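This report refers to the structure that appears directly beneath it.
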Amino acid sequence: MQVELKHIKGGLLEQEYTCDPADFPDLAVATTKSSATYRGPVEIRLRFRQAARMVEVEGDLRATLVMACGRCLAVFERELSEQIVMTFVPDDREDDTVAERELERHELGMIPYRDDCLELLAPLQEQLVMAVPIRALCTEDCRGLCPLCGADKNLSSCDCDRIPFNSKFGVLAKLKK
Ligand SMILES: [Zn+2]
Ligand SMILES: [Zn+2]
């Protein structure tokens with residue numbers, strides 16, 4: 001995924017991309033860590049605006065995440081819609097502090113480009129990786145699984161909550177006698 005400056009005619013360009021999650025190799029790593037998977041396609045719309053040698057990119061990406069709930073393990077899907085804002089700046093000085101300057105610019109949210117060509121894959125991949133939640137819940141108030149009998153408390157209630165309390169109380173009551 002690249003855009004050459006010469007294609008930004010009159011300083012403006014709109015592009016739409018339909019990608020496969022597999023186009024972003026780091027996604028596989030990010031998603032195994034959180035038991036989530038991207039299900040294709042990933043729809044990306046970008047508007048490029050060039051001012052002098054700086055290119056502002058705005059747009060959005062839409063994708064579907066398939067996740068397992070961290071409490072009840074139910075598998076569910078979530079539609080993602082992320083805003084994209086990036087600024088590309090030319091990296092045309094040739095000296096040995098390139099790494100330092102790239103770090104500096106990265107902190108300012110600026111992405112260096114070379115040879116009049118904007119590389120989109122890495123920054124978009126970063127955005128997709130960051131959108132993966134570390135722990136997902138099917139609903140905010142998911143009641144989870146009963147740790148004793150495994151019942152899904154969203155679907156049915158069990159008596160386990162009461163039994164350990166009663167038996168503990170029973171033990172205490174006996175000790176006191
Ligand atoms: Zn749940
Ligand atoms: Zn139970």
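When Tyr17, Tyr38, Tyr113 are ordered from fewest to most other Cβ atoms inside 10 Å of their Cβ, what list results?
With the sparsest Cβ surroundings first, the list reads Tyr17, Tyr113, Tyr38.
Just rank Asp141, Asp60, fewest to most, by other beta-carbon atoms within 10 angstrom.
Ranking Asp141, Asp60 by Cβ neighbours within 10 Å, fewest first, gives Asp141, Asp60.
Report, by chain and number, residues whose modeled amide H sits under 5 Å from the one on Val42, excluding near sequence neighbours (fewer than 5 apart, same chain).
Cys19, Asp20
Please arrange Met86, Met110 by counting, for each residue, the other beta carbons lying within 10 Å of its beta carbon, fewest first.
Final ranking by Cβ density, sparse to dense: Met110, Met86.
How do the peptides 72-81, 122-131, 18-27 rank, highest first, by the average count of neighbouring beta carbon atoms within 10 Å per residue?
The packing order, highest mean first, is 122-131, 18-27, 72-81.
Taking 0.36 nm per residue of sequence separation and subtracting the Cα-Cα distance, how much length would be gained by fully extending the chain between Arg78 and Glu56, in nm to one decimal?
Contour length minus the Cα-Cα distance gives 5.0 nm.
Using θ = phi - 60° and the Karplus curve 6.51 cos²θ - 1.76 cosθ + 1.60, what whole-Hz ³J(HN,Hα) does each residue of the range 73-90 get, with Gly and Pro shown as x?
Residue by residue, the range 73-90 yields 6, 4, 8, 9, 10, 9, 7, 9, 9, 10, 7, 10, 9, 9, 10, 9, 10, x Hz.
Under 5 Å between amide H atoms, partner at least 5 residues away or on a different chain: which partners does Thr64 have, H built in plane at 1.01 Å?
HN-HN under 5 Å from Thr64: Arg39, Leu80.
Please report the net charge: other residues with Cβ closer than 12 Å to the Cβ of Arg143, K and R +1, D and E -1.
-2
Tabulate in residue order the Karplus-calculated ³J(HN,Hα) for the range 114-130, using 6.51 cos²θ - 1.76 cosθ + 1.60 with θ = phi - 60°, rounded to whole Hz; enter x for Gly and Pro.
10, 6, 6, 9, 8, 8, 9, 4, 4, x, 5, 4, 4, 5, 5, 5, 5
Laboratory data are not the source of any read-out in this text; all were calculated from the coordinates shown. All of these numbers come straight from a predicted model, not from anything done at the bench. Glycine gets a Cβ as well: all are built from the backbone with ideal geometry, and neighbour counts include every protein chain shown.
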